[in-house]
Every structure is written in structure tokens, then in C-alpha cells.
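Participant: Sharing a structure here in C-alpha cells format.
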Amino acid sequence: MEGFIPRKVRAAWFSTLVFLCFSYLLVLFEGFSESSGVILIVTLIVLFIGNFVYMIPVSLFSDTLTNKMEHYRFVCSAFIHIFFAVLTMFLIKGFALFSIICTVLFFMSDEWQKQKKNDSNNKLTINGAALLFLIAIGFYCVEMFTGYGLKYLMPL
């Protein structure tokens, strides 16, 4: 259990920084304007709240539920993470897709740290395919219930 919470905090920082870099690249492609700095600061605050206040407890809850599972722990844990990410579409409709992406970054970072400790990279590769399937289902749910598609991820 040593290093359990620091691993979650590292996963939260990783997903926050990667997504912030992604947002910065989108801002650069659209053209940097006066409001771009404000957009990046607001993005950082939302990511911080989402990852540290929402995702760490969800991840702890998921680990508690799936800790004793041997065979389908990864898939069940991924489903729980993505389920809670999809739930955010009822609170922040326009950001639900971003929530799913950030959740996947958080989850994969956390799982990578677990697998790195156990030294079983084959499981992570095989389970990654299952995760991609669950991500597709998450995107489909968001599209179906909100009408926000992948077009909101790319600048026009």
C-alpha cells in the first residue's frame, strides 16, 4: 500500500499536464489571441479540479471495488472510470468529451505505474485494446445523449 496515494497524485499531474499541452497546441493552431492566456488558465483550473477533486476519489473507489479481482480487474476498473467521466456530461455538457479523454489519460497513467511495479507489460497491451473499446462506447454515449461529437475536439 506504500506509494498508493502518491501514485494517484502522479497520475493526476500527468493527465493535467498532457491535456494542458494538448489545449496549448489547439490554441496555437487557432492563433494566439488576447483571450488565449485566459483560456489556458481556466483550462488548468478545470483540469486541476477534475483530476484532483473528482478523479482521485473515483480511482480510489474503483480500486476498492476491483482490488480482489484477478481476471477482469482492468476492464472493470476502466469501465468505472469511464462511467464516472460520462456522468459529467449531465453537469458540464460541452466538456464531457474532454472529461473522457482526461479520464483515460489518468487511468492509463495509473495503470502504467501499477504494471511497471509488477513488470507485466503484456497485460497492459492486451488490456489497452479493451480500454479502447470502452472509450468508443463512452464517446458514443456522449454523442447520443448530448449531440456533442468529435468535431468539438478539433479547431474549425
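Participant: Multiplying the sequence separation of Ser36 and Cys76 by 0.36 nm and subtracting their Cα-Cα distance, what value in nm do you get? Before the final figure, lay out each step's value.
Facilitator: Numbers: separation 40, 0.36 × 40 = 14.40 nm, distance 3.83 nm.
The Ser36-Cys76 span can extend by a further 10.6 nm.
Participant: Between Thr64 and Leu87, what is 0.36 nm times their sequence separation minus the Cα-Cα distance? Round to one decimal in nm.
Facilitator: Taking 0.36 nm per residue and subtracting the Cα distance, the gain is 6.3 nm.
Participant: Can you list which of the GluC sites (Glu not before Pro) found in the stretch 5-80 are DSSP loop residues with at most 10 other C-beta atoms within 10 Å? Display every interim value, and only then the final one.
Facilitator: Working: sites: Glu30, Glu34, Glu70; in loops: Glu34, Glu70.
When the GluC sites (Glu not before Pro) of the stretch 5-80 are filtered for loop state and at most 10 Cβ neighbours within 10 Å, Glu34, Glu70 remain.
Participant: Moving to a separate point now. Which trypsin sites (Lys or Arg not before Pro) in the stretch 64-105 sit in a loop by DSSP (not H, G, I, E or B) and have at most 14 other Cβ atoms within 10 Å of their own Cβ? Mind dumping the intermediate values first?
Facilitator: Details: sites: Lys68, Arg73, Lys93; in loops: Lys68.
Hits after loop and neighbour filter: Lys68.
Participant: Val53 versus Leu20, label points 7 Å from Cα toward the beta carbon: distance in nm?
Facilitator: My value for the distance between the label points is 1.7 nm.
Participant: Only loop residues by DSSP count here, and only those with at most 16 other Cβ atoms within 10 Å; note down the chymotrypsin sites (Phe, Trp or Tyr not before Pro) in the stretch 1-89 that meet that. It would help to have the intermediate numbers written out before the result.
Facilitator: Numbers: sites: Phe4, Trp13, Phe14, Phe19, Phe22, Tyr24, Phe29, Phe32, Phe48, Phe52, Tyr54, Phe61, Tyr72, Phe74, Phe79, Phe83, Phe84; in loops: Phe32, Tyr72.
Listed in order of number, the matching sites are Phe32, Tyr72.
Read-outs throughout are calculated quantities, based only on the coordinates presented, and are distinct from any laboratory measurement. Worth saying up front: this structure is predicted, and the values here are computed from it rather than measured. Quick reminder, even Gly has a Cβ in these numbers, built from the backbone with ideal geometry, and neighbours come from all protein chains shown.
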